[in-house]
């Protein structure tokens, strides 16, 4: 017997058919889209992130759950208007650095952030420094920059971007988080980033903390 | 000892004169010769002369003990089947696949199956024909002195590269596992024929196959389901057709109980002779758990960042520290991490090879 509510478990299991059935049933019953998202679906994806960190889930399992989540988001998001609309927790610009084409981990983080209430601008892979800067300039106020690198050689792009953020006069309002397999805390501190997380679920926790700091 | 004898000693768990070194991928040899990948290959062409020169120069000047004269390239076969490959410049490991693959939906599968039935590795893809010319050239030049190793992927990795966009294939694993089994079976048969063509062109040593999803991208349970039978089929066929053993390159953390159980099956049930892991497996673990416990030789991996960045003195110190962890060192050879950029200077590779030979003189200190 699962410890999770049925909808949350269906997200964890990546059972898209069941997720859509339950979401539609909940909407019929009058459950708010915001509640469906934040009380059931997001905890499901956070658990998926934890299972990946524990070595229980791998990329195919994560993609399966992500697909179920996307299917449900397609129903609930358009319903969120007016007072029920998702209040943005913060704004994130995210991308894999120049030269790095790996995106599955980055996509998972982007999805979890979005599902957790962040407004996310995903720039994709092999993102040039200028593209990061332009995206940051386009958003007013506090913004979180998330950079990922999955191979050691592309790590060198991160301090380049950080320097560009400083030279553009944006560092005061941009918080920077970095991630990917070769990223260590030591490296994060060395390049002057504000934080790193070991897995997607922790990345959301970090982003939330940075958004509020 | 010559390079061939050195490698043979590792395979037989005897002491070589010094620890042999596995080469880095073709694209590094090209970069160090002043070429970028688009100057050497395109969607339907391959400059065999340039690649031959790069391979021979690398063997001579860097001093690798084994040669993989084919281009470690996961785009082979894709353009004739209807896909488009990408040919990167910066950080480009090899020509690779894009989202325009031969099998975009299941409706494309019957057409591709028919094309695969007629595929001739020596003729259908001009890039593969060029690669075979390189093997012939390198074999003629140095085949007596050095082990020439044929190489291609197997199982799910081979199927994904040949047929499907990456993310779609990973979804297929759950959504249509029977179709995945068809794809991995056909891809493995194709890989076996491609490897055979490389032997016929002049390769003269173990087969090197790679399953890069390993336990990095999929669970050991999925690996056992989809890949174990394919690895066994390839090992058996290479033995039957060419009398050669097979080494497996596999990614992921093999230290967890379930992953190690999978590894054991790869040895005991599939018959793999040796392993080349990635950076998740430290040298002392490999010696203890793979060489001593499973009884098969393996490569130990130097940290990729060290080789990329240097300086040579740091590389030498890292190699020395690594060799100090491996006891008698029998059954082990040195290999580069998959994270090493092709654009890493030869000076760093040379420092790494020389340090391995120097600190890896047997008996190890």
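The values are calculated or read from the model by the stated rules, or taken from the named source; none is laboratory data. The structure displayed is predicted, hence computed values, not measured ones. Positions of Cβ are backbone-derived with ideal geometry, glycine not excepted, and every protein chain shown enters the neighbour counts.
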- Search the range B:316-337 for residues being within 14 Å of chain A (Cβ to nearest Cβ) and surrounded by fewer than 21 Cβ atoms within 10 Å (Cβ to Cβ), and hand back the single one that is modelled with the highest pLDDT. B:318
- Message: Of the conditions (1) within 11 Å of another protein chain (Cβ to nearest Cβ); (2) part of a helix (DSSP H, G or I); (3) at pLDDT 85 or above, residue A:26 satisfies every one except a single condition; which number is it?
- Response: (1)
- Which of (1) touching a residue at least 12 places away in the same chain (Cβ under 8 Å); (2) surrounded by fewer than 22 Cβ atoms within 10 Å (Cβ to Cβ); (3) within 14 Å of chain A (Cβ to nearest Cβ); (4) in a helix (DSSP H, G or I) does residue B:227 not meet, given it meets every other one? (2)
- Task: Would you confirm whether any residue within the range B:175-183 is at pLDDT below 95, surrounded by fewer than 19 Cβ atoms within 10 Å (Cβ to Cβ), more than 23 Å from residue B:244 (Cα to Cα) and within 14 Å of another protein chain (Cβ to nearest Cβ)?
- Result: yes
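Output the helices (runs of 4 or more DSSP H) that fall wholly within the range B:249-355 and possess 2 or more residues being within 21 Å of the chain's Cα centre (by Cα), or say none. Working first, answer last.
Numbers: elements: B:257-268, B:304-309, B:312-323.
Where helices (runs of 4 or more DSSP H) fall fully within the range B:249-355 and carry at least 2 residues being within 21 Å of the chain's Cα centre (by Cα), they are B:257-268, B:304-309.
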- Query: What residue, among those in the range B:154-167 that are touching a residue at least 12 places away in the same chain (Cβ under 8 Å) and surrounded by fewer than 24 Cβ atoms within 10 Å (Cβ to Cβ), is nearest to the other protein chains (Cβ to nearest Cβ)?
  - Reply: B:166
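I'd like to check something: does the range A:199-208 contain any residue that is surrounded by 17 or more Cβ atoms within 10 Å (Cβ to Cβ), without any contact (Cβ under 8 Å) to a residue 24 or more places away in the chain and not assigned by TED's automatic domain parsing to the domain that holds residue A:45?
Pass one, the range A:199-208, residues surrounded by 17 or more Cβ atoms within 10 Å (Cβ to Cβ): A:199-204, A:206-208.
So of that shortlist, the ones also without any contact (Cβ under 8 Å) to a residue 24 or more places away in the chain come out as none.
Taking every residue of the range A:199-208 in turn, none turns out to be surrounded by 17 or more Cβ atoms within 10 Å (Cβ to Cβ), without any contact (Cβ under 8 Å) to a residue 24 or more places away in the chain and not assigned by TED's automatic domain parsing to the domain that holds residue A:45.
Across the range A:44-62, what is the number of residues that are surrounded by fewer than 20 Cβ atoms within 10 Å (Cβ to Cβ) and assigned to a helix (DSSP H, G or I)?
Within the range A:44-62, residues that are surrounded by fewer than 20 Cβ atoms within 10 Å (Cβ to Cβ) and assigned to a helix (DSSP H, G or I) number 4.
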- Query: So residue A:190 clears everything in (1) part of a helix (DSSP H, G or I); (2) more than 14 Å from chain B (Cβ to nearest Cβ); (3) more than 25 Å from residue A:46 (Cα to Cα) except one condition, right? Which one?
  - Reply: (2)
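Only one of A:153, A:159, A:182 is out of contact with any strand residue (DSSP E or B) (no Cβ under 8 Å at 6 or more places or on another chain), within 12 Å of another protein chain (Cβ to nearest Cβ) and part of a helix (DSSP H, G or I). Can you tell me which? Before you say what the answer is, go through the steps one by one.
Numbers: A:159 fails: within 12 Å of another protein chain (Cβ to nearest Cβ); A:182 fails: part of a helix (DSSP H, G or I).
Result: A:153 is the single residue among A:153, A:159, A:182 that is out of contact with any strand residue (DSSP E or B) (no Cβ under 8 Å at 6 or more places or on another chain), within 12 Å of another protein chain (Cβ to nearest Cβ) and part of a helix (DSSP H, G or I).
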- Message: Name the single residue that is nearest to residue B:213 (Cα to Cα) among those in the range B:251-280 being more than 14 Å from every other protein chain (Cβ to nearest Cβ) and in contact with a strand residue (DSSP E or B) (Cβ under 7 Å, 6 or more places away or on another chain).
- Response: B:277
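So which of A:37, A:20, A:73 is in a helix (DSSP H, G or I), closer than 28 Å to residue B:218 by Cβ and modelled with pLDDT under 95? Step through it out loud before you land on a result.
Working: A:37 fails: closer than 28 Å to residue B:218 by Cβ; A:20 fails: modelled with pLDDT under 95.
Testing whether each residue is in a helix (DSSP H, G or I), closer than 28 Å to residue B:218 by Cβ and modelled with pLDDT under 95 leaves just A:73.
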